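What follows is calculated from the coordinates using simple rules that are stated; it is not laboratory data. Computed from a prediction, not measured in an experiment: that's the story for all the values here.
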Amino acid sequence: MTADPLNSTGRSAVEVRRSARRRRTVSAYREGDRTIVLIPERMSAEEEARWVRVMLEKLAAQESRRRLGDEDLAERAAQLSEQYLDGHACPASVRWVTNQNTRWGSCTPAEGSIRLSHRLQGMPEYVIDYVLLHELAHLLVPGHGPRFWRLLEAYPRTERARGFLEGVVAAERLPHRSADSGRPED
């Protein structure tokens, strides 16, 4: 079993499980914020590394086809507002944007608009929900004071989502490593 602390998909870990019964097939699935890759026991380290890359790409492609559109995002915002904010946060618009590279989301309370960075797409659903709920809370409370954080206490995965996003930011600051050599690229 091997695990990477943070892989290129932004997920926190990849776990490889070897099986003596598995002869030829390789499969992968998501389990929370981890990716599980199932391979035959006899596979070499080089084959394992290649198959992990292949399976991560396949899962990412599947997930990109399932990404939420702007309408889905607005619908999700309404559900989160109802569930965690008693329906008090009612945005006029909710949409993905590509011009936010240093923020995960933003809100303009005067207009009732919420914008989420496209960088969130493909991240676990609970992370997107947290950022969306964070921006919904800003429709009710503009700053990050105690009243604001009390609104987010109802969401059970607040700390986990914040930790995930902090990990993504930290990983972006690390030197890029070559997938083949494991050494930093020049």
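Kindly write out, for region 109-118 in residue order, the coupling ³J(HN,Hα) from the Karplus curve 6.51 cos²θ - 1.76 cosθ + 1.60 (θ = phi - 60°), rounded to whole Hz, with x marking Gly and Pro.
Each residue's phi maps through the Karplus curve to give x, 4, 9, x, 9, 10, 10, 10, 5, 4 Hz.
Using Cα-only point scatterers and the Debye equation, what is log10 of I(q)/I(0) for region 19-70 at each q in 0.14, 0.24 Å⁻¹, rounded to two decimals?
-0.42, -0.94
Pop out the ³J(HN,Hα) list for region 71-79 in order, Karplus 6.51 cos²θ - 1.76 cosθ + 1.60 with θ = phi - 60°, rounded to Hz; leave Gly and Pro as x.
With the stated coefficients, region 71-79 comes to 5, 4, 5, 5, 5, 5, 4, 4, 5 Hz.
Going by Cα centres, region 13-65 and region 114-149 are how many Å apart?
32 Å
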